[in-house]
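Down below is the structure, laid out as structure tokens.
Read-outs: derived from the displayed coordinates by stated rules, not from any lab. Everything quoted here is computed from the prediction, not taken from an experiment. With ideal geometry, Cβ positions are generated from the backbone for all residues, glycine too; neighbour counts draw on all protein chains shown.
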Amino acid sequence: MKLYNLKEHQEQVSFGQAVRQGLGRNQGLFFPSELPDLGDVDALLEMDFVSRSSKILSAFIGEELTSEAVNQMVGNAFQFPAPLAKVKDGVYALELFHGPTLAFKDFGGRFMAQSLAAVSEKDGKVTILTATSGDTGAAVAHAFYGMDNIKVVILYPKGKISPLQEKLFCTLGRNITTVAVEGTFDDCQALVKASFDDEQLRQDVGLNSANSINISRLMAQICYYFEAVAQLPKAQRENLVISVPSGNFGNLTAGLLAKSLGLPVKRFIVATNANDTVPRYLQTGEWAPTSTIPTISNAMDVSEPNNWPRIEELCQLKGWGLNELGYGAVTDEQTAETLREMNADGYLCEPHGAIAYRVLNEQLQDGETGLFLCTAHPAKFKEVVDEILELDIDLPAPLAKHGAMELLSLERDNDFEQLKAVLRSVQD
Ligand SMILES: *Cc1c(COP(=O)(O)O)cnc(C)c1O
């Protein structure tokens with residue numbers, strides 16, 4: 001597999017290099033030079049989740065890893081299902097929260113950990129550095145926990161993620177270091193970018209990024225779009241519209257990649273909270289990020305989505321107009337209202353999924369089947385969901401266990417020098 005840097009097309013790397021480096025020169029994102037031909041998609045849809053996913057990922061990766069190796073990586077990573085739940089006639093939820101950290105990022109995080117282990121040189125230093133607005137951190141921490149030759153450093157905006165979310169990944173210790181930064185998620189992302197720009201640091205500690213910019217994460221996410229369609233009754237596979245609750249736009253990138261590989265999807269819908277840079281861009285053609293606005297769907301509080309250049313590239317390559325994307329932005333009040341409606345209809349959801357559901361409902365036309373991604377378990381956002389729905393929802397076992405553990409996070413200013421010291425110390 002060859003990938004090129006979107007900012008410097010002459011920089012070409014292998015899958016292994018892209019996984020290890022995360023980003024290319026000048027902070028450019030990697031993008032596949034070729035999209036594989038998967039052959040008969042209907043036959044693929046007949047396969048079970050792990051076999052089908054192995055086939056897709058193996059086709060992408062090519063000769064660099066054997067199909068047996070990929071099959072084993074996928075088997076290790078995808079140890080939980082991605083079921084469809086019918087919410088009402090013609091509208092389905094794709095539940096991506098049945099993994100160990102109860103959010104879709106388990107799929108990408110775990111496959112990335114497998115990929116990195118498969119392509120790393122023995123005895124080289126590896127430090128995973130990632131910024132999280134909540135869920136990425138938990139997924140990455142759990143995916144790498146106990147792989148002691150890989151150190152993980154996770155930055156998050158102090159006080160801006162839910163206490164339970166924080167407990168889920170800041171209580172692990174061992175090879176996992178978490179840093180609460182005085183600042184916003186965008187500040188954390190800027191610190192990560194600054195670290196990657198520091199060539200010396202990058203080499204000294206073997207920096208690698210594990211947020212949604214790592215190509216292996218996106219590739220893993222392609223697989224559950226196929227799994228969604230595989231579970232739909234055949235008659236409903238045509239005219240399928242998929243609504244994606246979006247923050248950094250990794251999930252939408254993966255969905256569009258799935259479509260480019262032949263998955264029948266009529267239209268994708270971009271659903272955001274008040275951080276609506278992309279919906280405004282699609283409406284006006286002007287890219288005008290504002291400062292980040294805190295919302296109750298905080299995993300989507302991103303005003304400068306990292307993955308957008310990949311979406312532009314893919315659409316251009318495929319000749320798809322950006323105007324083919326549906327879009328909508330949802331306020332906190334509307335999110336709460338939608339959660340109540342869904343609950344009254346018998347489906348317990350959380351804010352991110354509810355946003356996707358709302359925009360889908362507004363835009364679904366006669367004869368279309370609707371599907372929206374449920375990106376997290378309701379209990380992961382327990383405080384918000386309990387308050388809006390006047391419930392006391394049960395904590396699933398992993399959350400209950402971590403909730404009682406001690407927080408181990410370091411606290412640092414929004415300051416690159418302080419971060420550098422942390423990065424050097426974990427490799428000492
Ligand atoms: C990360 C996240 C999102 C946003 O996904 P992107 O791929 O960054 O667009 C949505 N919902 C939840 C629960 C998340 O954790």
Which of 55/266; 7/193; 105/160; 55/193; 105/151; 105/420 exceed 22 Å between C-alpha atoms? The answer is 55/266; 55/193; 105/420
Short to long, in 10 Å steps from zero, the percent of alpha-carbon pairs of the stretch 179-245 per bin is 15, 30, 24, 17, 12, 2
Given unit charges at Cβ for Lys, Arg (+) and Asp, Glu (-), the dipole magnitude of the chain about its Cα centre in debye, nearest 20, is 780 debye
Here the percent of antiparallel bridges among DSSP beta bridges lying wholly in the stretch 63-154, to the nearest 5, is 45 percent
The Rg/Rh figure for the chain, Cα atoms and Kirkwood Rh, to two decimals is 0.93
The orientation-averaged projected area of the Cα convex hull of the stretch 34-114, in nm², is 6.5 nm²
Listed with the fewest Cβ neighbours within 10 Å leading, 242, 161 appear as 161, 242
Counting only residues 5 or more apart in sequence or on a different chain, those whose built amide H sits under 5 Å from that of residue 80 are none
In terms of the alpha carbon gyration tensor, root eigenvalues a ≥ b ≥ c, rounded if a/c is under 1.5 and otherwise prolate when a/b exceeds b/c or oblate, the stretch 126-166 is prolate
Of all stretches in the chain that avoid GluC sites (Glu not before Pro) placed in a DSSP loop and having at most 12 other Cβ atoms within 10 Å, the longest is 122-237
Pseudo-spin-label distance residue 407 to residue 237, built 7 Å along Cα→Cβ, given in nm, is 4.8 nm
P(r) over all Cα-Cα pairs of the stretch 311-428, 10 Å bins from 0 to the longest distance, whole percent per bin, short to long, reads 11, 26, 22, 24, 16, 2, 0
The stretch 315-379, convex hull of Cα, quarter of hull surface, nm² -> 5.8 nm²
Loop-resident chymotrypsin sites (Phe, Trp or Tyr not before Pro) in the stretch 203-305 with no more than 15 other Cβ atoms inside 10 Å, DSSP not H/G/I/E/B, are 287
Rounded to whole angstrom, the alpha-carbon centroid of the stretch 260-290 lies from that of the stretch 77-149 at a distance of 24 Å
